[in-house]
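To keep things clear, I will list the structure first and then write my remarks on it.
The values are calculated or read from the model by the stated rules, or taken from the named source; none is laboratory data. Just so you know, these numbers come straight off a predicted model, no measurement behind them. Glycine also receives a Cβ, built like all others from the backbone with ideal geometry; neighbour counts cover every protein chain displayed.
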2 protein chains.
Amino acid sequence: MIDFPNIRSLCQATASKIALLGVDGLGGVPHPRTGRSELETASLPNLDSLAQRSAAGVTTPVAPGITPGSGPGHTALFGYDPVKYLVGRGVLEALGLGVELGGDVVAVRGNFCDVDPAGALIDRRAGRIPTSESAPLAAMLNEIEVPGADISVHPGKDYRFVLTIQGPGLGARVSDTDPRPPDESPSPALALDHDSVATADAANAFVSAARYRLAGRDRANMVLLRGFSKAPDWPQMPRAYRLAPAAIAAYPMYRGLAQLLGMSVLPTGDTFDHELDTLERSFDDHDFFFLHYKPADAAGEDGDFDAKVAALEQLDQRIPRLLDLDIDTLVVAGDHSTPAVLASHSWHPVPLLISAPHTAGDGVEALTERACRAGSIGSVPASSVMMLALANAGKLTRFGP
Amino acid sequence: MIDFPNIRSLCQATASKIALLGVDGLGGVPHPRTGRSELETASLPNLDSLAQRSAAGVTTPVAPGITPGSGPGHTALFGYDPVKYLVGRGVLEALGLGVELGGDVVAVRGNFCDVDPAGALIDRRAGRIPTSESAPLAAMLNEIEVPGADISVHPGKDYRFVLTIQGPGLGARVSDTDPRPPDESPSPALALDHDSVATADAANAFVSAARYRLAGRDRANMVLLRGFSKAPDWPQMPRAYRLAPAAIAAYPMYRGLAQLLGMSVLPTGDTFDHELDTLERSFDDHDFFFLHYKPADAAGEDGDFDAKVAALEQLDQRIPRLLDLDIDTLVVAGDHSTPAVLASHSWHPVPLLISAPHTAGDGVEALTERACRAGSIGSVPASSVMMLALANAGKLTRFGP
């Protein structure tokens, strides 16, 4: 935990290297027909062999029963209490689009929506208009200027966009514009503290101008704003852990999150193979690497059990490339479970493996939810993974005399 | 936990007796050649038989990945949050030497060290000079007097000593004198609050006098001071738990720690057999006994797997003497793991057994890391052991209406 008292005084820089392979949506639940989870169904010879010589356990992402979004799922893996260190929705959306966020930028998530001639909200998502339709609208709204702040509109997926509001001292304590019952029309953005008055003014000026420019359209003729937030000023991994950490992630959101924590974000390509190329190229330059593997989560979210099994098997085939690097401490973890039978993230504990010079197997035969639970790590909060990785790598000294 | 709200109101004095056998460094990790830990290798018929009729589990000393020193490892076992109740290094070193610490004594850990003619530090530990060489030096430094405080120098092992500084109202918020880069020479002790100004003055006067008296020597010609601390004013076990607790420990440090928690410290001899003699003799006088078994930790610290196995087997042979006493609730726990393959304390969970009138075995066949994890207690913080002991002994009443 980054908040363990005086954690920096316990950490020591060493030559050993840690790689944390974050398998998005790693955990699952049994398929009702077979009684076997995705991990139990997949053929994973390399991961199972790794499990047999690792310390094994399961992680609880946030708390029992709590299903994390991608933000808390990942911050926990890096040792940040996911309840305390919660990234705002606007910031997360902006990071997901690769928008750079300086300290004086307020990020806001926007929806195109439909209103009737009286202004009452009809559809919060404008019938989920496709990106091809929303992107030109976002480009048009990007031309809007408002007094007192610099604003930009960044196109997102389908009905989504991100609004950034930039100016010295702008606060982000601003209410969402979703209608507050009994109102049926979008509400004005309200400043919730003094510093945020100018932010709310800029947001409301933007909404007025957007409504004017979108008028006459049947669909996507209005916008909603929510999740006003600024990039947080959190403890930084390099200082707290005495590490030179690097993040290798094909998806922008995970790169953005890593940046918030002080990791070096290494340029890479679109696939996990590209990530491995990057790891091999930069292996000498850092002592901690976060690699992100997305396809298992994507298949789980789609509710496609077989696709998730296939995504796990494709990962397994790449494990030898990782092992060839002779990483001192290799951690295989997940930010949360994404059971295909739920077609969404879930609260279920996630398998964890730590392979290090002094791990010799716990009698756990496979990387599965059931097998890993019996390992020597037992069941731990996800925010403990970083401590265990540092300990196994010999980077954590004794606490107390 | 001693901090459970109004814990005293939940506790009740009863005739039942608890013995907590603290096996220092109890846990281990598998030997890479055999795949079996020290506990899994040792022949422990008595402890295994005890395991078969006990409630079993594993304890996490401080937090996953955190390796405790002896102080936090033990305070946790007695129900004290080891992060909140952290004993200072000077106090612990003094306790280890059997130095009595009143409330107005500041204890400081001292090293003899080597400096060059310009005063730059060459060796923090004076080449680890033997006790035979350092003890006369400590005796010489004990003659030093400084204005405004009573000071004493207590010889320690090898290059170590303890400095005590006594005087009304002396604070202990004083910085260590290890050189602060870019300085190469020992730093002055700096007061970090108003009450500690006189303490720092006394420490600096002592260092000046010590340097003068040690001048001309090639080795051990200077001293370093660190860990300024006072015996803490912590909640006391007798009051909090309504117990008459006694500590039986051959090593002074554990006796000193027990004293800080309000236990009666019973005079005993140098070995675990002496401790058992003491237990038998005083069995009627107390309702809680802490017995400390050191050899397993010492062998683990030495990296001697076979010696640790032998130390565990020697303990096993003494278990019948414990059982003959008909102790109502017998707890076998450890302050931390000391895996021989790491040759140091570690963060790994530690096996736990509680044998009480209403425990009848959990299907756990042996006192090992792997077997105990599957027991009914599961994995708990070490600071829960005391609650479980009290509960099993019928000394803990219902919480809430």
> Only one of (1) within 14 Å of chain B (Cβ to nearest Cβ); (2) part of a helix (DSSP H, G or I) is not met by A:Ala56, so which one is it?
Replying inline: (2)
> Any idea which of B:Pro32, B:Pro64, B:Pro68 is in contact with a Leu (Cβ under 9 Å, 6 or more places away or on another chain) and at the interface with chain A (Cβ under 9 Å from one of its Cβ atoms)?
Replying inline: B:Pro64
> Which residues, counting only those in the stretch A:355-377, are of a type in the set (A, V, I, L, M, F, W, C) and at pLDDT 90 or above?
Replying inline: A:Ala356, A:Val364, A:Ala366, A:Leu367, A:Ala371, A:Cys372, A:Ala374, A:Ile377
> Is it the case that some residue within the stretch B:9-25 is over 22 Å from B:Ala391 (Cα atoms) and in the same structural domain as B:Arg373 (by TED's automatic domain parsing)?
Replying inline: yes
> Applying the selection to the stretch A:1-52, what residues are assigned to a helix (DSSP H, G or I), over 19 Å from A:Cys372 (Cα atoms) and at pLDDT 95 or above?
Replying inline: A:Ile7, A:Arg8, A:Leu10
> How many residues does the stretch B:84-118 contain that are within 17 Å of B:Arg173 (Cα to Cα) and assigned to a strand (DSSP E or B)?
Replying inline: 6
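One line per residue, one yes/no per condition, for (1) among the hydrophobic types (A, V, I, L, M, F, W, C); (2) outside any helix (DSSP H, G or I); (3) surrounded by fewer than 17 Cβ atoms within 10 Å (Cβ to Cβ):
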position: A:Thr164; (1), (2), (3): no, yes, no
position: A:Gly169; (1), (2), (3): no, yes, yes
position: A:Ala172; (1), (2), (3): yes, yes, no
position: A:Asp176; (1), (2), (3): no, yes, no
position: A:Pro181; (1), (2), (3): no, yes, yes
position: A:Ala189; (1), (2), (3): yes, yes, no
> Does the stretch A:351-388 hold any residues that are under 18 Å from A:Ile18 (Cβ atoms) and among the hydroxyl-bearing types (Ser, Thr, Tyr), and which are they?
Replying inline: A:Ser355, A:Thr359, A:Ser383, A:Ser384
> Name the pairs whose Cβ atoms lie under 8 Å apart, with the first residue in the stretch B:329-357 and away from chain A (no Cβ under 13 Å), the second among the basic types (Lys, Arg), and 6 or more positions between them or separate chains?
Replying inline: B:Thr329/B:Lys17; B:Ser355/B:Arg53
>> Looking at the stretch A:365-386, I want the residues that are on the phi < 0 side of the Ramachandran plot and have a partner that is among the basic types (Lys, Arg) and buried (at least 24 other Cβ atoms within 10 Å of the Cβ) with Cβ atoms under 9 Å, at least 6 apart or on another chain. Which pairs are those?
In response: A:Ala374/B:Arg373; A:Gly375/B:Arg373; A:Ser376/B:Arg373
> Would you say B:Asp193 is surrounded by fewer than 22 Cβ atoms within 10 Å (Cβ to Cβ) and modelled with pLDDT under 95?
Replying inline: no
> From the list B:Val350, B:Val364, B:Val332, B:Val385, which residue is in contact with a Cys (Cβ under 8 Å, 6 or more places away or on another chain), of a type outside the set (Asp, Glu) and surrounded by 21 or more Cβ atoms within 10 Å (Cβ to Cβ)?
Replying inline: B:Val364
> Yes or no: B:Leu192 touching a residue at least 60 places away in the same chain (Cβ under 8 Å) and not acidic (Asp, Glu)?
Replying inline: no
>> Just to check your reading of the model, which residue among B:Glu280, B:Glu275 is of a type outside the set (S, T, N, Q), assigned to a helix (DSSP H, G or I), out of contact with any Asp or Glu (no Cβ under 7 Å at 6 or more places or on another chain) and crowded, with 18+ Cβ neighbours inside 10 Å?
In response: B:Glu275
>> Of all residues being under 20 Å from the mean Cα position of the chain (by Cα) and aromatic (Phe, Trp, Tyr) in the stretch B:283-304, which is surrounded by the most Cβ atoms within 10 Å (Cβ to Cβ)? Just the residue, please.
In response: B:Phe290
> Across the stretch B:306-329, what is the total count of residues that are surrounded by fewer than 24 Cβ atoms within 10 Å (Cβ to Cβ) and among the small types (Gly, Ala, Ser)?
Replying inline: 2
> Taking the stretch B:360-401, which residues are within 25 Å of the chain's Cα centre (by Cα) and charged (D, E, K, R)?
Replying inline: B:Glu369, B:Arg373
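Out of the stretch B:244-258, which residues are assigned to a loop (DSSP other than H, G, I, E, B) and surrounded by fewer than 23 Cβ atoms within 10 Å (Cβ to Cβ)?
B:Ala244, B:Ala250, B:Tyr251
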>> Step by step: first the residues of the stretch A:60-99, then only those that are among the polar types (S, T, N, Q) and within 23 Å of A:Ala250 (Cβ to Cβ), then the one that is farthest from the chain's Cα centre (by Cα). Which residue is that?
In response: A:Thr75
> Of the conditions (1) without any contact (Cβ under 8 Å) to a residue 60 or more places away in the chain; (2) outside any loop (DSSP other than H, G, I, E, B); (3) of a type in the set (S, T, N, Q), A:Ser134 fails just one. Which one is it?
Replying inline: (1)
